[in-house]
Amino acid sequence: MAKIKEIQTKEQWDEIFNHSPERKAYVLKYNPQCVICQEGYEQYEKFFSRYEKDDADFYVVDVVKNKPISKAIANDLEVTHQSPQLIIVKDMDSVWCDNHKDIELESIQEGSKVD
């Protein structure tokens with residue numbers, strides 16, 4: 001069974017980014033000590049547990065522990081850093097992004113329809 005993986009190195013991120021033309025990536029940037037981030041993470045986990053397609057991988061980045069990676073993601077995708085922040089990466093671009101309390105199961109489901 002697939003699982004949500006943690007991005008811990010810049011090399012991991014580069015590989016995910018470079019393979020995004022072949023495989024979509026969902027990336028949640030969050031601070032595990034923040035209540036709003038925990039709520040976003042719970043919604044992300046719910047979405048992940050219900051995702052039935054085999055066309056994407058799911059990741060998290062701890063923005064406290066891995067700040068340089070979080071910044072690299074924001075720079076590569078040309079998005080303003082937020083936390084929590086859920087980004088769908090496809091074709092080396094951010095095709096959908098949501099932040100803070102907007103990270104809800106329904107909004108993620110809508111975002112997942114974007115190609």
Legend entry - Within the stretch 21-51, tally of residues that are of a type in the set (G, A, S) and exposed (fewer than 15 other Cβ atoms within 10 Å of the Cβ): 1
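To keep it simple, each residue is scored yes or no on (1) polar (S, T, N, Q); (2) within 10 Å of the chain's Cα centre (by Cα).
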{"site": "Q8", "(1), (2)": "yes, no"}
{"site": "K67", "(1), (2)": "no, no"}
{"site": "N75", "(1), (2)": "yes, no"}
{"site": "I88", "(1), (2)": "no, yes"}
{"site": "M92", "(1), (2)": "no, no"}
Inset, instruction - List every residue pair whose Cβ atoms sit under 9 Å apart, with the two residues 6 or more apart in sequence or on different chains, where the first one lies in the stretch 39-60 and is over 15 Å from S83 (Cβ atoms) and touching a residue at least 60 places away in the same chain (Cβ under 8 Å) and the second, anywhere, is in a helix (DSSP H, G or I) and among the hydrophobic types (A, V, I, L, M, F, W, C). - result: F47/L105; F47/I108
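Of all the residues that make up the stretch 10-27, how many are touching a residue at least 60 places away in the same chain (Cβ under 8 Å), closer than 20 Å to V95 by Cβ and either part of a helix (DSSP H, G or I) or within 13 Å of the chain's Cα centre (by Cα) (or both)?
Matching residues across the stretch 10-27 total 9.
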Inset, instruction - Would you please list the contacts, defined by Cβ atoms under 7 Å and residues six or more apart or on different chains, that run from a residue in the stretch 74-93 that is over 17 Å from D55 (Cβ atoms) to a residue that is among the polar types (S, T, N, Q)? - result: A74/T80; L77/S94; V79/S94; H81/S70; Q82/N99; S83/N31; P84/N99; Q85/N99
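Results for (1) more than 15 Å from S112 (Cβ to Cβ); (2) modelled with pLDDT of 95 or more; (3) among the hydroxyl-bearing types (S, T, Y), shown as yes or no for each residue.
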position	(1), (2), (3)
E11	yes, yes, no
D14	yes, yes, no
N18	yes, yes, no
Q33	yes, no, no
I36	yes, no, no
D54	no, no, no
E78	yes, no, no
K90	no, yes, no
Inset, instruction - Return only the number of the condition from (1) of a type in the set (F, W, Y); (2) under 18 Å from K101 (Cα atoms); (3) in a strand (DSSP E or B); (4) in contact with a helix residue (DSSP H, G or I) (Cβ under 6 Å, 6 or more places away or on another chain) that F58 does not satisfy. - result: (2)
Inset, instruction - With the condition kept exactly as written, say whether any residue in the stretch 68-90 is in contact with a Phe, Trp or Tyr (Cβ under 9 Å, 6 or more places away or on another chain), among the hydroxyl-bearing types (S, T, Y) and either closer than 21 Å to H19 by Cβ or not in a loop (DSSP other than H, G, I, E, B) (or both). - result: no
Legend entry - Hits in the stretch 85-107 - residues which are within 19 Å of P32 (Cβ to Cβ), touching a strand residue (DSSP E or B) at 6+ places or on another chain (Cβ under 8 Å) and either basic (K, R) or buried (at least 19 other Cβ atoms within 10 Å of the Cβ) (or both): Q85, L86, I87, D98, I103
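The values are calculated or read from the model by the stated rules, or taken from the named source; none is laboratory data. Quick caveat: nothing in here was measured; it's all calculated off a predicted structure. No Cβ is skipped: glycine too gets one built from the backbone with ideal geometry, and neighbour counts run over all protein chains shown.
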